[in-house]
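Enquirer: Below is the structure I would like to discuss, written out as structure tokens.
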Amino acid sequence: MKREDAIRLFGQNNLSIEAEIRRVEAAHGVNLGHIREEKKEEGQFYPQFSEKLRQEAEDMARHYVIFYCLENSIRDLVTERLRELHGEDWWEKAVVPQTVRENCKKNRERELGMGFTPRSEAMIDYSTFGELGEILNANKETFGDMLRDLKAVQRIFTNLNTLRGPIAHCKPLAEDEVLRLHLGLRDWFRQMS
């Protein structure tokens, strides 16, 4: 075997091994330590919190991820459909309740006034979960073919918005509320057929 072929084979074997380690880590939710993680500044404070708080935070992180995906997928759904019908400036042309427009504008101005980096150029990204429901409700004819029953969607949004409170404000969800969150997600996806 030529020296270059041996080096190439060595490199390919290492890439294959690394890919397998990453697969095992992902499948089992572990870090086998093959890649050194940079120490983050907050790491020095993390051990100072009680074990109970750290465990609650880890448990709640899963629910936050679910809600983050849900809320942003609904924003994407609304944006895509209204952009199809009204063009790039859909926020100004589509039926978006005035109170929602004003609240989004205030939220954006408040962030800018504090010197924060804008979270987005899209005004819909400054809306609350409840306001997304208001936009859907104001555009019943637009979303009627995508959603089975808008009254059911409003009920689902009301329940999910109530569950959003503890998730967004750092309080643990009771076991029944975790089930209610998952049932709410199922109900939402059932409406989208």
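Enquirer: Put +1 on the Cβ of each Lys and Arg and -1 on the Cβ of each Asp and Glu in the chain; which of N137, I124, H86 then has its Cα farthest toward the positive end of the dipole?
Expert: Positive-most Cα among the choices belongs to N137.
Enquirer: For the chain, with only Lys/Arg (+1) and Asp/Glu (-1) charged at the beta-carbon, what is the dipole magnitude about the Cα centre, in debye rounded to 20?
Expert: 120
Enquirer: Okay, next question. Could you look at region 82-146 and say what percent of its accessible area is carbon and sulfur, using a 1.4 Å probe and all protein chains?
Expert: Ligands and nucleic acids excluded, carbon and sulfur reach 51 percent.
Enquirer: OK, next. Restricting to lysines 8 or more places apart or on different chains, can you count the pairs in the chain with Cα atoms under 23 Å from each other?
Expert: Pairs that pass both the separation and distance tests number 7.
Enquirer: Hey, in the GNM for the chain with a 10 angstrom Cα cutoff, which one of G29, G144, G115 fluctuates hardest?
Expert: Comparing G29, G144, G115 in a Gaussian network model of the chain, the most mobile one is G29.
Enquirer: Based on C-alpha coordinates, I'd like the Rg and Dmax of region 51-91, in Å.
Expert: Radius of gyration, then largest Cα-Cα span, for region 51-91: 16.6, 51 Å.
Enquirer: Among (i) 70, 48, 40; (ii) 50, 40, 38; (iii) 49, 35, 26, which is the computed Cα extents along the principal axes in Å?
Expert: Computing Cα extents along the principal axes in Å and matching it to (i) 70, 48, 40; (ii) 50, 40, 38; (iii) 49, 35, 26 gives (i).
Enquirer: Turning to a different aspect of this structure: Per DSSP H run of at least 4 residues, take -39500 (n - 2.57); add these up for the chain, divide by its residues and hand me the 222 nm value, nearest 500 deg cm²/dmol.
Expert: One gets -23000 deg cm²/dmol as the mean residue ellipticity at 222 nm.
Enquirer: Given a 1.4 angstrom probe, what's the average accessible area per residue across the chain, in square angstrom?
Expert: 71
Enquirer: Still on this structure, I have one more. Any chance you could give the angle, 0 to 90 degrees and rounded to 10, that helix 51-86 forms with the longest Cα principal axis of the chain?
Expert: Between helix and principal axis, roughly 60 degrees.
Enquirer: Using DSSP to call loops (not H, G, I, E or B), can you name the chymotrypsin sites (Phe, Trp or Tyr not before Pro) in region 44-102 whose Cβ has at most 12 other Cβ atoms within 10 angstrom?
Expert: Filter output for region 44-102: F45, F49.
Enquirer: Averaging the inverse of every distinct alpha carbon separation and then flipping it gives the Kirkwood radius. What is it for region 112-193, in angstrom units?
Expert: 14.4
Enquirer: In the P(r) worked out for region 64-161, what percent of Cα pairs fall beyond 21 Å?
Expert: Summing the P(r) of region 64-161 above 21 Å gives 33 percent of all pairs.
The values are calculated or read from the model by the stated rules, or taken from the named source; none is laboratory data. As the structure is a computational prediction, the values presented were derived from the model and not from experiment. As a convention, Cβ positions derive from the backbone with ideal geometry for all residues, glycine included, and neighbour counts pool all protein chains shown. Quick note on the areas: whole protein, heavy atoms, side chains included, nothing else; ligands and nucleic acids left out. Shrake-Rupley method; radii C 1.70, N 1.55, O 1.52, S 1.80 Å.
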